[in-house]
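**Q** Please read through the structure below; I'll follow up with questions.
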Amino acid sequence: MQTYKYCPSCAAPLALVSLLEDGGMKERLRCAACDFVHWNNPTPVLAAVIEYEGRILLAQNAAWPGKMFALITGFMEAGETPKDGIAREIKEETNLDVSELNLIGVYDFQRMNQIIIAYHAVASGDVVLSPELVDFRLFSPQTVKCWPSSTGYALADWLKSRGHEPQFVEWPNKS
C-alpha cells in the first residue's frame, strides 16, 4: 500500500492532522500549503469467477512467487461500469469473450485498501494470456480450492450458490 509523503498538487510535505468529518474526528494526511487532503479511500477492483468450457479458469500472475492461481482481476477505468470493466479485463487478460455476467458480491481487501467487486462470467473463445499472466488452469467446481482472502471468499460464495461445499487451502501463519 502506497503511503504519501508529499502533496501531489504542490509537492509540499504532507502532515497527519485530525479533521472533523461526518461521524467524528478522522486522521488524514493534509498539505498545509494548498489544503490538499489525502482521503485514502479504498480502490475498486474487479474480479471474475470465469466459467469456461464447464470449468473454472484460474490464472497465475507473472509477479507471484510459487504456483498460486487465482481469479482474473483488474482495476476499473474512469467512465466504465463495473460490468464493462470486468468484461474488458477478461478480454485483455485471457482473450475470452463474455456472454453472461452476474454479480457475486462485494468484498473488502483491507490489506491493500481495496474493495473487490466480484462477478461470475460465462466466457468462450481461445485462451491467449496477456504478458502479466504466465499460466492458467481449469478446475471443476468439485475440486477447486478457495483461499482465505477476498477473491477466495467470492469463489466460495459462487460455489455455495451452485450447491457445492467450498474447500479452502490452508495458508501458513506469518507470525
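**Q** FRET efficiency for residue 12 and residue 111, Cβ-Cβ distance as r, R0 = 30 Å, nearest 0.05?
**A** 0.55
**Q** To continue, here is another question. Is the shape of region 1-51 best called rounded, prolate or oblate, per the rule: a/c under 1.5 gives rounded, else a/b larger than b/c gives prolate, else oblate, with a ≥ b ≥ c the square roots of the Cα gyration tensor eigenvalues?
**A** Note, shape of region 1-51 comes out oblate.
**Q** Whole-Hz Karplus ³J(HN,Hα) for region 113-130, in order, using 6.51 cos²θ - 1.76 cosθ + 1.60 and θ = phi - 60°, x for Gly and Pro?
**A** Along region 113-130, the couplings run 6, 10, 10, 9, 9, 9, 10, 9, 10, 9, 9, 9, x, 9, 6, 10, 6, 6 Hz.
**Q** On to the next question. Taking R0 as 45 Å, what's the FRET efficiency between residue 161 and residue 39 from their Cβ-Cβ distance, rounded to 0.05?
**A** The calculated FRET efficiency here is 0.85.
**Q** If you filter region 40-117 for trypsin sites (Lys or Arg not before Pro), then keep DSSP loop positions with at most 15 other Cβ within 10 Å, what is left?
**A** Listed in order of number, the matching sites are 67.
**Q** Ordered by residue, what ³J(HN,Hα) values in Hz, to whole numbers, does region 163-170 give under the Karplus form 6.51 cos²θ - 1.76 cosθ + 1.60, where θ = phi - 60° and Gly and Pro are x?
**A** For region 163-170, the Karplus-derived couplings read x, 9, 8, x, 10, 10, 6, 9 Hz, x marking Gly and Pro.
No value in this document is a laboratory result; all are computed from the given coordinates. Treat the numbers as computed from the prediction; the structure is a model and nothing was measured. Glycine gets a Cβ as well: all are built from the backbone with ideal geometry, and neighbour counts include every protein chain shown.
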